[in-house]
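Novice: The structure follows.
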Amino acid sequence: MSLSIPMTPPVLTVSELNRHAKAVLEQTFPLLWVGGEISNFMRATSGHWYFSLKDGQAQVRCAMFRHKSQYIDFKPENGMHVEVRALVTLYEARGEYQLSVESMRRAGLGALFAAFENLKAKLAGEGLFEEMRKQALPAFPRRIGIVTSPAAAALRDVLTTLHRRMPTIPVVLYPTPVQGEGAGEKIAQALQLAASRNECDVLILCRGGGSIEDLWAFNEEVVARAIAASTIPVICGVGHETDVTIADFVADWRAPTPTAAAELATPHRADLRQRLDALQARLTRQTTRSLEQRMQQVDYLARRLMHPGTRITAQLQHLEHLRQRQQQAAGRLLEQLEWRVRHLASRLASTAPAPQILLARQQQFGQRLELAMAQQLQRRQATLQRLAASLQHLNPAAVLARGFSMVRSASGKLVRDSADIALQEELSITFAHGSATARVTGKEEPA
């Protein structure tokens, strides 16, 4: 009979347990948003934030490290309601579960951002952001309107900039609240009032920086439609450079700050003075050149305008000058013709025939010809005699006369060797005088 021994479950260390628990938490809960009230907030010297997030029934510890907290644009405080985007994890050293915070925003901002994006998409779909519907700014506005709160610091910045750049331009203030309940409706009414009065060439809609809640009036649809309906160009200078509102997209021009909006609305008088100085210098140069051309033309016309007697005298002088030139030209032509005649006469004289000289030359040529013929005949006779002597030496008849004879075979071929003939062969023998026929009866071979 066999006995079964129960298996003992493995024993985990505390570190192993916490490690497994941490893995389960991080794999079970994705990155999520959690809302609550801040308590026990502490900022460590390292820059990390440690706090608790609680509601009416529970709380959870949170940690936000320095490389994440440095991007938060507000200062968290105890009692502040916030929403954090965090990962659920466990701090193994203490066995406490906590939230590792990635980002943080004030409570309710999620709904505001959603409303912002929905309204932005709606107005963009209607074409309110299109560049083709936006109006150009006047180069030299006669009057500038400002839509803002009289107590806003942005108003002082705008007025200071306008006075610095162009103090002569009148400014009209259309006062309106720029923050709080009903601010959007009142801003829209101020824009409508400015458009109906039509006393300004450009409108500046401005206020200073603030949180998204502070600037929310400029994200309301009623303000956006009032800007789009304005017949006067609108420059939106709301908040700081990083602040973006719906009004910025709808406005004809967007400035990063109220001061920049004032700079867009007005030309700088220093720049205008510089342009005027340049134009004045250009006008002066052109005027001077034009006057110089006119004076030169007057001088030219003055030279052409003279007394008739003076003109007749000048023409007579010109005619006299032409007569002298004609005489000089005729004299030079006559001299050239005379020189050619003398040259041709000398050539004709040098080429005219002389009969006596020609006869003497003819006699001389005849004598030279007779002498050359006699000499040539003598040379030919001497050559002929030399050739005849040479021929005489080679004449076969002379050889035969000395007792020799020529022997030919029946075929007429000269016989020079006894080997060339045969016995009983007939041979022809030529003597100096006459010839004979012989038959070979015997022959001797050379030794």
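The values are calculated or read from the model by the stated rules, or taken from the named source; none is laboratory data. Given the structure is predicted, the values throughout are model-derived calculations rather than measurements. Here the Cβ positions follow ideal geometry from the backbone for every residue, glycine too, while neighbour counts run over all protein chains shown.
Novice: Given the condition assigned to a helix (DSSP H, G or I) and more than 30 Å from Arg105 (Cα to Cα), answer yes or no: does some residue in the stretch 244-262 qualify?
Specialist: yes
Novice: Looking only at the stretch 190-211, how many residues end up being in a loop (DSSP other than H, G, I, E, B) and under 22 Å from Leu137 (Cα atoms)?
Specialist: Residues flagged as in a loop (DSSP other than H, G, I, E, B) and under 22 Å from Leu137 (Cα atoms) within the stretch 190-211 amount to 4.
Novice: Looking only at the stretch 40-61, how many residues end up being surrounded by fewer than 11 Cβ atoms within 10 Å (Cβ to Cβ) and part of a loop (DSSP other than H, G, I, E, B)? If you could, list the steps in order and put the result at the bottom.
Specialist: Filtering the stretch 40-61 down to residues surrounded by fewer than 11 Cβ atoms within 10 Å (Cβ to Cβ) leaves 42, 45-46, 56-58.
From what's left, part of a loop (DSSP other than H, G, I, E, B): 45-46, 56-58.
Going through the stretch 40-61 one residue at a time, the tally reaches 5.
Novice: Does at least one position in the stretch 88-105 carry a residue that is touching a Gly at 6+ places or on another chain (Cβ under 9 Å), surrounded by 14 or more Cβ atoms within 10 Å (Cβ to Cβ) and not polar (S, T, N, Q)?
Specialist: Scanning the stretch 88-105, I find no residue that is touching a Gly at 6+ places or on another chain (Cβ under 9 Å), surrounded by 14 or more Cβ atoms within 10 Å (Cβ to Cβ) and not polar (S, T, N, Q), so the answer is no.
Novice: Restricting attention to the stretch 218-246, which residues are small (Gly, Ala, Ser) and modelled with pLDDT of 90 or more?
Specialist: Applying the first criterion (small (Gly, Ala, Ser)) to the stretch 218-246 yields 224, 226, 228-230, 237, 239.
Answer for the stretch 218-246, where residues must be small (Gly, Ala, Ser) and modelled with pLDDT of 90 or more: Ala224, Ala226, Ala228, Ala229, Ser230, Gly237.
Novice: If Gly237 satisfies all but one of (1) part of a helix (DSSP H, G or I); (2) touching a strand residue (DSSP E or B) at 6+ places or on another chain (Cβ under 6 Å), what's the number of the condition it fails?
Specialist: For Gly237, the exception is condition (1).
Novice: Separate question: Can you pull out the residues in the stretch 262-290 that are hydrophobic (A, V, I, L, M, F, W, C) and in contact with a helix residue (DSSP H, G or I) (Cβ under 6 Å, 6 or more places away or on another chain)?
Specialist: Ala262
Novice: Looking for something of a type outside the set (A, V, I, L, M, F, W, C), at pLDDT 90 or above and surrounded by fewer than 17 Cβ atoms within 10 Å (Cβ to Cβ) - is there at least one such residue anywhere in the stretch 62-77?
Specialist: No, the stretch 62-77 has no match at all.
The rows are residues; the columns are (1) charged (D, E, K, R); (2) in contact with a strand residue (DSSP E or B) (Cβ under 9 Å, 6 or more places away or on another chain); (3) at negative phi.
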site	(1), (2), (3)
Arg361	yes, no, yes
Phe365	no, no, yes
Arg368	yes, no, yes
Leu377	no, no, yes
Ala382	no, no, yes
Leu387	no, no, yes
Phe404	no, no, yes
Ser418	no, no, yes
Ala438	no, yes, yes
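Novice: Among the residues of the stretch 119-127, is there at least one that is touching an Asp or Glu at 6+ places or on another chain (Cβ under 9 Å), modelled with pLDDT of 85 or more and among the small types (Gly, Ala, Ser)?
Specialist: yes
Novice: Taking the options Arg156, Arg165, Arg143, name whichever one is over 30 Å from Pro30 (Cβ atoms) and either free of Cβ contacts under 8 Å to residues at least 12 places away in the same chain or in contact with a Phe, Trp or Tyr (Cβ under 6 Å, 6 or more places away or on another chain) (or both).
Specialist: Arg156
Novice: Of the residues Ala251, Ala278, Ala255, Ala265, which is small (Gly, Ala, Ser), in contact with a Pro (Cβ under 7 Å, 6 or more places away or on another chain) and modelled with pLDDT of 85 or more?
Specialist: On inspection, the qualifying residue turns out to be Ala265.
Novice: Take the conditions among the charged types (D, E, K, R), closer than 23 Å to Asn118 by Cβ and not in a strand (DSSP E or B) and apply them to Asp214. Does it pass?
Specialist: For Asp214, the condition - among the charged types (D, E, K, R), closer than 23 Å to Asn118 by Cβ and not in a strand (DSSP E or B) - is met.
Novice: What are the residues in the stretch 217-227 that are outside any loop (DSSP other than H, G, I, E, B) and crowded, with 20+ Cβ neighbours inside 10 Å, if any?
Specialist: Within the stretch 217-227, Ala217, Phe218, Asn219, Val223, Ala224, Ala226, Ile227 meet the criteria.
Novice: Next question, about the same structure. When you go through (1) part of a strand (DSSP E or B); (2) aromatic (Phe, Trp, Tyr); (3) in the same structural domain as Arg207 (by TED's automatic domain parsing) one by one for Tyr97, which number turns out not to apply?
Specialist: Evaluating Tyr97 over (1) part of a strand (DSSP E or B); (2) aromatic (Phe, Trp, Tyr); (3) in the same structural domain as Arg207 (by TED's automatic domain parsing) leaves (3) as the failure.
Novice: Can you tell me which of Ala372, Ala349, Ala382 is modelled with pLDDT under 85 and either more than 60 Å from the chain's Cα centre (by Cα) or assigned to a helix (DSSP H, G or I) (or both)?
Specialist: Working: Ala372 fails: modelled with pLDDT under 85; Ala382 fails: modelled with pLDDT under 85.
Of the residues listed, the single one that is modelled with pLDDT under 85 and either more than 60 Å from the chain's Cα centre (by Cα) or assigned to a helix (DSSP H, G or I) (or both) is Ala349.
Novice: Only one of Ile169, Ile187 is assigned to a helix (DSSP H, G or I), crowded, with 16+ Cβ neighbours inside 10 Å, of a type in the set (Val, Ile, Thr) and more than 44 Å from the chain's Cα centre (by Cα). Can you tell me which?
Specialist: None of the others qualify; the one that does is Ile187.
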